[in-house]
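Novice: My questions will all concern the structure given below.
Read-outs throughout are calculated quantities, based only on the coordinates presented, and are distinct from any laboratory measurement. As the structure is a prediction and not an experimental result, all values here were calculated from the model. No Cβ is skipped: glycine too gets one built from the backbone with ideal geometry, and neighbour counts run over all protein chains shown.
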Amino acid sequence: MEHPSKERTLVILKPDAIQRSLMGEIISRYERLGLKLVGLKMVVPTAEQIEGHYTLDPNWRRVTGEKTIKSYKDRGLTPPSEDPLEITAKILKNLKKYMTAGPVIVMVWEGAHAVELVRKITGGTEPRGAAVGTIRGDFVVDSYIMSDTDDRAVRNLIHGSGSVEEANMEIPHWFEKSELVDYKVSREDVMYNKELGDILP
């Protein structure tokens, strides 16, 4: 069994993160957490790449639609439709427009509980409700109400894999195996070794 410190997750800095010059700030948040960057590239995605990314999981359309409906109802609002697939068709259309508007930075981060911790530090999908101290909570004011009013995707800076299984599907969608680098950084000895080792002279 592979050591938990080898868990990997996919992160995409979306066009609004690039346009707002937040790349360094976001990357430093993940680095300070102790995660290791093992893959990085800037691309201008095609609509096909984006649709392929969001539909890697065959349940994505249904689950995303159901979550969106629930989010509306939890806030005492009427969802635009009660049909999850109708909602997701609109979401996907807007995501393709949003994600192909300019360059994105695609990254693979490695470390213990990488998927869970990236999600935690990134913050909730809707920036309006994201906790203070998270990336979205600190840097974004957007909401589902604004994005629906404007008929666009919510601008929330980042995509992060939702589960280990999702990460395992998404990473090969964006990276060849040869584009991911296995290497060691000295802090891993402190973070992951059973004993701290020789610290004192």
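Novice: What Rg and what Dmax come out for the range 1-66 when only alpha-carbon atoms are used, in angstroms?
Specialist: 15.0, 41
Novice: Let me know the shape class of the range 1-115, please: from the alpha-carbon gyration tensor, a ≥ b ≥ c as square roots of the eigenvalues, rounded when a/c is under 1.5, otherwise prolate if a/b is greater than b/c, or oblate.
Specialist: Here the range 1-115 falls in the prolate category.
Novice: Expressed as an acute angle from 0 to 90° and rounded to the nearest 10, what is the orientation of the C-alpha long axis of helix 60-74 relative to the principal long axis of the chain?
Specialist: 70 degrees
Novice: Ok, one more. Scale the Cα Rg of the chain by the rule-of-thumb value 2.2 N^0.38 Å and send over the ratio, two decimals.
Specialist: 1.09
Novice: Among MET99, MET23, MET1, what is the fewest-to-most ranking by other Cβ atoms within 10 Å?
Specialist: Listing MET99, MET23, MET1 from fewest to most nearby Cβ atoms yields MET1, MET23, MET99.
Novice: Given 25 °C and 0.890 mPa s, compute D for the range 114-196 with the Stokes-Einstein relation, Rh being the Kirkwood radius over Cα pairs; round to the nearest whole µm²/s.
Specialist: Answer from the Stokes-Einstein relation: 160 µm²/s.
Novice: Taking the Cβ of each residue in HIS159, HIS173 as the centre, tally the other Cβ atoms inside 10 Å and list the residues starting with the fewest.
Specialist: In order of increasing Cβ crowding within 10 Å: HIS173, HIS159.
Novice: Here's another thing I want to ask about it. For LYS14, which lysines qualify as cross-link partners when the Cα separation must be under 26 Å and same-chain residues fewer than eight apart are set aside?
Specialist: Output for LYS14: LYS6, LYS36, LYS41, LYS67, LYS70, LYS90, LYS93, LYS96, LYS97, LYS120, LYS177.
Novice: Determine the sum of side-chain charges near SER163: Lys and Arg each +1, Asp and Glu each -1, restricted to other residues whose C-beta is under 15 angstrom from that of SER163.
Specialist: The answer is -2.
Novice: Sticking with this structure for a sec: Order of ILE26, ILE199, ILE18, ILE158 from fewest to most other C-beta atoms within 10 Å?
Specialist: ILE199, ILE18, ILE26, ILE158
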